[in-house]
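Peer 1: Here it is: the structure, laid out below.
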């Protein structure tokens, strides 16, 4: 005879009733509950898995339940009734040995990091390339209007200068046989200064300040080739997919997508995403180097203007490179000096 002390809930209210569960070894048990005894077969009980010393819940088919902290007696009852699944026994064994718990934590961290390091980028790359170019175009459709309102002013470059550079850019885009509708626009950069960036729609924006900083059109072509690399490799779409996946992993590990604190969610995401960004910049640099090689343009055109940009920024070192969204300057230049 097995007797287990616990609490009975009738399934109709939250009121607890102190009760006893008695089992005679024949495969059936009796719950001595208010309003009369209840007899139920062990095989018909839904028994929660053992988790350390947490209470066990034995659920009846009609919604009633019996809760107890006498885990050992429940385990004995299930063994005698051969009602315990091997997975439940294995889970309890793992949970009751701190070495196994530590091993599980290490494995979880390892698997999670491998997924973030390798799995997410590979999956995002595959999905982004499988989507039509129109998907990326839709993402950047409204971006230029917002940027013009917030950051930029109309270009003051001479029309002849703009026409000359655009003509060279059209030749670059035509040589790619790309599904994207490439277009080059010029703007005054203002606080952004000498810069160029690509929208996922195929629009590349180059600032007047960058044109003034250049000493040769081929330097601008090397920058444009870099921006074309961002679009061809669908970096904007991949970044969106990766950001979403990283946020999902963090929410899954914390167990509550709604109550993750801003710090816990933001800090690791920033560190991971800056790495993604550096990888994208390196990939775009390689695209630019390949273009320059194919068209007989010296890679020094890129290194020359990059050094000038670096000097203009006033940054005398590459400190804090780990948190930079771009690779270190010396690493970027190495791509064009090898």
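The values are calculated or read from the model by the stated rules, or taken from the named source; none is laboratory data. The structure displayed is predicted, hence computed values, not measured ones. Cβ: placed from backbone, ideal geometry, glycine included. Neighbour counts: every protein chain shown.
Peer 1: Return yes or no: is residue 157 in contact with a helix residue (DSSP H, G or I) (Cβ under 7 Å, 6 or more places away or on another chain) and modelled with pLDDT under 85?
Peer 2: Details: in contact with a helix residue (DSSP H, G or I) (Cβ under 7 Å, 6 or more places away or on another chain): yes; modelled with pLDDT under 85: no.
When the stated conditions are applied, residue 157 does not pass them.
Peer 1: Out of curiosity, is residue 69 in contact with a strand residue (DSSP E or B) (Cβ under 6 Å, 6 or more places away or on another chain), modelled with pLDDT of 90 or more and surrounded by 14 or more Cβ atoms within 10 Å (Cβ to Cβ)? Before the answer, list the steps.
Peer 2: Working: in contact with a strand residue (DSSP E or B) (Cβ under 6 Å, 6 or more places away or on another chain): no; modelled with pLDDT of 90 or more: yes; surrounded by 14 or more Cβ atoms within 10 Å (Cβ to Cβ): yes.
So residue 69 does not fit the description; no.
Peer 1: Still on this structure, please answer the following. Among the residues of the stretch 40-53, is there at least one that is without any contact (Cβ under 8 Å) to a residue 40 or more places away in the chain, more than 50 Å from the chain's Cα centre (by Cα) and not in a loop (DSSP other than H, G, I, E, B)?
Peer 2: Taking the stretch 40-53 and keeping what is without any contact (Cβ under 8 Å) to a residue 40 or more places away in the chain, we get 40-41, 44-48, 53.
Pick out the ones that are also more than 50 Å from the chain's Cα centre (by Cα) and you get none.
Scanning the stretch 40-53, I find no residue that is without any contact (Cβ under 8 Å) to a residue 40 or more places away in the chain, more than 50 Å from the chain's Cα centre (by Cα) and not in a loop (DSSP other than H, G, I, E, B), so the answer is no.
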